[in-house]
Amino acid sequence: MDMKIIEETGQLTHVALSGDLDAAGANEISMKFIGYVTARCKPTIVDIADVSFIASVGMGMLANLSRELKDSGAALVLLNPQQAVEEALNEMSWQKIMPIVHSRDDAFSALGSQQ
C-alpha cells in the first residue's frame, strides 16, 4: 500500500492511494495516511484509482477518517474507484458516508456541498 501527495494547499488536501486496502494494506498505510490528512484538517480528495481491492477494514479506516475530518469542519471525497472497489463500496451504501466521484470537478463540487 502506498500514498502519494498530489496537492496540498491552504484550502485542500489531495492524496492518492495505491495497492490493496485489505487488513495488511490498511495496517501498513493507516498511520501515515490518517496522520497526514488529520494534521492538515482540510477538505480532502482521496484518489483511489489505483486501489484494486478494498476490504471492510479499509472501509472502516476511510469512514473513521471521514468522521474525524467532519468533526473538524472538513469533508472527504473518494475519487475514481475501480469498478470492483466501487461495487464493494456501493454494497455498503457508501454514499451515505462520503461522496464517490469520477472527476476532479465533481470532487470540488462534492467538497463544497459537504462543508
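The values are calculated or read from the model by the stated rules, or taken from the named source; none is laboratory data. Since this is a predicted model, take the numbers as computed values, not measurements. Here the Cβ positions follow ideal geometry from the backbone for every residue, glycine too, while neighbour counts run over all protein chains shown.
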Restricting attention to the stretch 15-32, which residues are hydroxyl-bearing (Ser, Thr, Tyr) and at pLDDT 95 or above? SER18
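Looking at the stretch 19-34 only, could you name the residues that are in contact with a helix residue (DSSP H, G or I) (Cβ under 7 Å, 6 or more places away or on another chain) and in a strand (DSSP E or B)? Steps first, answer last, please.
At the first step, the residues of the stretch 19-34 found to be in contact with a helix residue (DSSP H, G or I) (Cβ under 7 Å, 6 or more places away or on another chain) are 19, 21-23, 25-26, 30, 34.
Within the stretch 19-34, GLY19, LEU21 meet the criteria.
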Look at the stretch 71-115 and say how many of its residues are assigned to a helix (DSSP H, G or I) and farther than 20 Å from ALA26 by Cβ. 15
Tabulated pairs, the stretch 20-37, first in contact (Cβ under 8 Å) with a residue 40 or more places away in the chain, second in a helix (DSSP H, G or I), C-beta under 6 angstrom, 6+ apart or interchain: LEU21/GLY58
Of the residues that make up the stretch 17-27, is at least one closer than 23 Å to SER109 by Cα and either surrounded by 15 or more Cβ atoms within 10 Å (Cβ to Cβ) or of a type in the set (Gly, Ala, Ser) (or both)? yes
For the stretch 88-115, give me the residue count where each residue is farther than 19 Å from HIS14 by Cα, surrounded by 12 or more Cβ atoms within 10 Å (Cβ to Cβ) and not aliphatic (A, V, I, L, M). 2
Give the number of residues within the stretch 35-60 that are in a loop (DSSP other than H, G, I, E, B) and closer than 15 Å to ALA84 by Cα. 1
Cβ pairs under 6 Å, 6+ apart, first in the stretch 75-101 and without any contact (Cβ under 8 Å) to a residue 40 or more places away in the chain, second assigned to a helix (DSSP H, G or I) and surrounded by fewer than 19 Cβ atoms within 10 Å (Cβ to Cβ): ILE97/ALA63
Considering residues that are modelled with pLDDT of 95 or more, touching a helix residue (DSSP H, G or I) at 6+ places or on another chain (Cβ under 7 Å) and among the hydrophobic types (A, V, I, L, M, F, W, C), the number found within the stretch 1-14 is 1
